[in-house]
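Enquirer: So that we are looking at the same thing, I have put the structure below in C-alpha cells.
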Amino acid sequence: MTDRWAAELAFATDLARRAGALLTESYERLERIDYKSKRDVVTNADYAFEHLVIDAIKARFPGDAILAEESGEHAGVLRDDGSYNGRTWVIDPLDGTVNYANGIPYYCVSIGLVEDGRPSVGVIFDPARDDLYAATADGPATLNGAAVRSSTKEVLSDYVVSLAVIGRGGLTRERRIAPLIRIHRRMGSAALSLAYVANGRFDAFIQNGGLSPWDVAAAGLIAERGGAVVTNVRGGPWWDAALTGPRANVVAAPAAQHAAMLQLLASLKTTLQTRR
Ligand code: IPD
Ligand code: CA
Ligand code: CA
C-alpha cells in the first residue's frame, strides 16, 4: 500500500461526512415541506447537497473536473500549458433518493475520484448507520477505518444477493435466479449495496443496467479492493470512462462465484442491457 491518494481520501472522507450530516438534518422533514411535489422537493435537496460537494472540490482541487448527477460536468481549471490533469470527481450526493424521501434509512453519499480513466478513490457514507466505506486503488477497502474483505461463503445457495434485473420481465427473471441463491434483495441504493459487497453484507451485487457513472465509481472500487471480482454483465471492465447516461451494469462477487453469477445471467437468455 502506498499513500498516493491519501490527501484525496482524507478530503473525500471529510466531505462525505459533511454532506451526510446535511442529509441527516433534512431527513424526514422534506415531505412536510410539500406533500404534492415530493419528488421536486427532494430534487431541490439533491441540488443543495451537490453544490456543497462541488464547491468544496473546486476550492480544494481547482484543476480537477467534476461529474455530478444533478448538474452534469464541470471542467477543471487547466494547467498553464492548457492541459487537463486527467482527474475527475464523480459524485452522487444522495444515492437512494426514493428511500430518503420516504423516510427509509437506506441511502448514501457517493464520492469517487477517477484518475487517467481509472477509479482511484472511493468513499460511500451511510449517514443512518454512520458507516463509512472507503478505498483507494492501492489500498484495502475499509469500513470505519478497519480493513474489510468480501464474502468467503463457499456455495451459491448461501448467497444473499443485491439483485436488480431491470427491463421487460425483470422481476420474472429475478424469480428464476431466486431458487439458486439464499435470497435476493433490491434495496434502492445501488451504491450502498455495491459497497456492501466489500465486507460481505451482500455476498454479491447484480444490476444489469440503468446505472450511471456516479452510482458505481466509488462503490465499484470499494467492492474490488474488498477482494470481489467486479465486471460488467459480460465479464468485461465495469468502469467505462466514456460511458454516458444510465447504461452501466455491474456484477460484483467473490472470485469463487463470480463466473457462476455471469453464467446465471447468460443462462436467462434475455435481452440484458449491456454497456454498448
Ligand atoms: C438510483 C439508485 C437505485 C438504482 C438506480 C439509481 P438515485 O440512484 O441507486 O438503487 O437502481 O439505477 O439511479 O436516483 O437514488 O440517486
Ligand atoms: Ca444514484
Ligand atoms: Ca442521486
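Enquirer: Express the carbon and sulfur contribution to the solvent-accessible surface of segment 98-195 as a percent, rounded to the nearest whole number, probe 1.4 angstrom. Don't jump to the answer; show the numbers that get you there.
Expert: Details: 2140 of 4110 Å².
Whole-percent figure for carbon plus sulfur exposure: 52.
Enquirer: Okay, next question. Can you give the net charge of the other residues whose Cβ lies under 10 Å from the Cβ of residue 203, counting K and R as +1 and D and E as -1?
Expert: Working: positive: 153, 182, 201; negative: 158.
Computed value for this residue: +2.
Enquirer: Any idea how far apart residue 24 and residue 260 come out in nm if each label point goes 7 Å out from Cα toward Cβ?
Expert: My value for the distance between the label points is 3.9 nm.
Enquirer: Among bridges DSSP assigns within the chain, what percent are antiparallel (round to 5)? Spell out each step's value before the answer.
Expert: Values: 35 of 46 bridges.
In the chain, approximately 75 percent of DSSP beta bridges are antiparallel ones.
Enquirer: Could I ask something else about it? Can you tell me the FRET efficiency between residue 186 and residue 129 if r is taken as the Cβ-Cβ distance and R0 is 22 Å, rounded to the nearest 0.05?
Expert: Numbers: r = 19 Å, r/R0 = 0.86.
That pair, residue 186 with residue 129, gives E of 0.70.
Enquirer: Let me ask something additional. Taking amide H atoms as placed 1.01 Å from N in the peptide plane, list the residues 5 or more away in sequence, or in a different chain, whose amide H sits under 5 Å from that of residue 107.
Expert: Amide H neighbours of residue 107: 128.
Enquirer: Multiply the residue separation of residue 71 and residue 3 by 0.36 nm, subtract the distance between their alpha-carbon atoms, and state the gained length in nm to one decimal. Spell out each step's value before the answer.
Expert: Working: separation 68, 0.36 × 68 = 24.48 nm, distance 3.11 nm.
Difference between extended and current length: 21.4 nm.
Enquirer: Let me ask something else. How large is the Kirkwood hydrodynamic radius of segment 76-133, counting all unique pairs of alpha carbons, in Å?
Expert: Numbers: mean 1/r = 0.0762 Å⁻¹.
One over the average 1/r among Cα pairs gives 13.1 Å for segment 76-133.
Enquirer: Taking 25 °C and 0.890 mPa s as the conditions, I'd like the Stokes-Einstein D for segment 167-216 in µm²/s, using the Kirkwood hydrodynamic radius from alpha carbon pairs.
Expert: Working: Rh = 12.0 Å.
D, rounded to a whole number, is 205 µm²/s.
Enquirer: Test of understanding: in a Gaussian network model of the chain with alpha carbons linked when under 10 Å, which of 266, 101, 45 would top the mean-square fluctuation ranking?
Expert: 266
Enquirer: A further question on this structure: Given a cut-off of under 8 Å on Cα pairs at least six residues apart, what relative contact order in percent is computed for the chain? Write down the numbers at each step before the final one.
Expert: Values: 615 pairs, mean separation 44.6, N = 276.
Value for the chain: 16 percent.
The values are calculated or read from the model by the stated rules, or taken from the named source; none is laboratory data. Predicted model only: the values in this text are computed from it and were never measured. Ideal geometry is used to build each Cβ from the backbone, glycine not excepted, and the neighbour counts take in all protein chains shown. In case anyone asks, the SASA skips ligands and DNA or RNA and just uses the protein heavy atoms, side chains included. Shrake-Rupley method; radii C 1.70, N 1.55, O 1.52, S 1.80 Å.
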